[in-house]
Amino acid sequence: MNVDLVSGALGAEVINFDLNYLNNKNFEEINNLLLEHKVVFFRNQSLTLEKFIEIASMFGPVEEHAYVKGIEKYPQITRIIKAANEKNQWGEGWHSDVSYDLTPSKVIMLKSLKIPPIGGDTVFSNMELALETLDEVIKKIIQNKKAIHTSNGSKFFVENYSKMESNGKIGEQYSNEHPIIRTHPETGKKILYVNPTYTKKIVGLPDDESSDLLNYIFKHQERLDLSCRFKWTENAIAILDNRSTQHYAIADFYSGRGLGHERVMDRISIVGDKPF
Ligand SMILES: [Fe+2]
């Protein structure tokens, strides 16, 4: 399988491979690429919804989102829609998906259905490198500490994204504690596992100390030399390791340039482990 590396930090685009031909043998190869590069991209993929689910299922059991309603007949698929004149889009801001769940998703698959001529790229960031490059003193402080991750709730979601629907669990909030340094269950590598969207507090520290430390780490995680940026084209697929990365869907839809175009993606996620 031929790949083009997307940046020096992470990301690989697989060239000329039709995911319709994925089988148990070449799946191993794709999974190894995913573990190595943390996010893999494919372009010009024509997949039925059934095939999309089938491919995702090779990574493990597919799950439904905590508070977003799935599409008709396929509740496992969440359709991410940004209306033409909407400035916001779901996924803006650094995060790893559903880190507030007890067992946050292992892998996320995204497929682009409709992409504006300009704007709406996604940036991914390597959280193994983020840990590796973190100040040694900070590393010592966070060793063996846990942090609380809390969802923003579907109320926020319904109010901000006009074309998306909640699954009805309005007002529900999910909250869980995870180690700040987690271990990748497949590679054994250490990962910096906090994010500015969902991580609210470090367990056992006074509020001000916790927020100073978290803000320092969030700033470090934003470093551009830890990231890669993907410019979507229609029918592209991204498969991302949600344990070792964060991502940020850039909402650069400004009037006279990026505004005025719909952006539609299908998303599917795979059940993860409890971080350790
Ligand atoms: Fe996301």
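Where a number appears in this text, it was derived from the coordinates with a stated rule and is not lab data. Quick caveat, the model's predicted, so the values are computed rather than measured.
Structure data summary
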| quantity | calculated |
| --- | --- |
| For the chain, calculated [θ]222 nm from helices alone, where every DSSP H run of n ≥ 4 adds -39500 (n - 2.57) | -6000 deg cm²/dmol |
| Spatial separation of Cα centroids for the range 216-237 and the range 92-155, in angstrom | 10 Å |
| Difference of contour (0.36 nm per residue) and Cα-Cα distance, E136 to K201 | 21.3 nm |
| Stretch gain in nm, segment K189-K87, where the contour uses 0.36 nm per residue and the Cα spacing is subtracted | 33.0 nm |
| Cross-link pairs beyond the 25 Å C-alpha cut-off, checked among K38/K139; K51/K87; K51/K274; K73/K163; K145/K231 | K51/K87; K51/K274; K145/K231 |
| Two-decimal Rg/Rh across the chain, once Rg and the Kirkwood Rh are taken from alpha-carbon atoms | 0.95 |
| Residue-span extension gain [K163 to L5] - 0.36 nm each, minus C-alpha spacing | 53.5 nm |
